Amino acid sequence: MLVFNRSRIVYGLLMISVVLMGLASRSFFGEIAFIKTYVGDALWSLMVFFGFAATFRQWSTKTVTLAAMLFSFGIEISQLYHAPWIDSLRATRLGGLVLGFSFVWSDLLCYSLGIAVGVFVETYLIPGRYKSRPKPSLQISKVDS
């Protein structure tokens with residue numbers, strides 16, 4: 001049986017690096033339509049994946065993937081709802097980054113690709129993310145009579 005043992009330091013650094021890449025994509029490549037439109041969304045969901053992995057260290061990769069997908073898709077679907085209170089949150093810089101502004105179908109694909117990158121990184125690039133738990137053994141001991 002596998003027990004996941006993710007390092008919060010490693011995943012925290014991964015989250016910080018993804019945030020920096022996202023900010024850099026807006027700052028340095030914001031003029032390029034493809035990057036502005038799609039890359040930020042993929043990086044956002046990648047950060048969500050690493051965030052769930054860092055927070056819930058014992059979850060399997062499959063569970064982290066499902067949680068990140070549900071969270072990301074949930075945020076996108078919430079963009080269909082417009083009330084004054086939530087739109088005032090979206091008007092702030094942090095609220096806009098977290099909640100977004102309007103529902104776009106292509107964002108769901110971007111989120112899926114970002115999370116797929118997270119699965120790839122966790123599965124193939126991070127050594128020692130899990131350890132084997134010893135299987136309980138059934139030992140029958142003889143009692144001398």
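Evaluate the following for residue 126: is it closer than 23 Å to residue 11 by Cβ and among the hydrophobic types (A, V, I, L, M, F, W, C)? Walk me through how you get there before you give the answer.
Values: closer than 23 Å to residue 11 by Cβ: yes; among the hydrophobic types (A, V, I, L, M, F, W, C): yes.
It is true that residue 126 is closer than 23 Å to residue 11 by Cβ and among the hydrophobic types (A, V, I, L, M, F, W, C).
Per the conditions (1) assigned to a helix (DSSP H, G or I); (2) under 20 Å from residue 126 (Cα atoms), the sole criterion not satisfied by residue 24 is (2). Among the conditions (1) modelled with pLDDT under 80; (2) crowded, with 20+ Cβ neighbours inside 10 Å, the only one that residue 5 does not satisfy is (2). Only one entry of 42, 53 meets the criterion of being within 20 Å of residue 103 (Cβ to Cβ) and in contact (Cβ under 8 Å) with a residue 12 or more places away in the chain, and that entry is 42.
Scanning segment 76-129 for residues that are exposed (fewer than 10 other Cβ atoms within 10 Å of the Cβ) and among the small types (Gly, Ala, Ser), we see that the one that is nearest to residue 54 (Cα to Cα) is 128.
The values are calculated or read from the model by the stated rules, or taken from the named source; none is laboratory data. None of these values were measured; they are calculated from a predicted model. Counting neighbours? That spans all protein chains shown, and the Cβs are built from the backbone with ideal geometry, glycine included.
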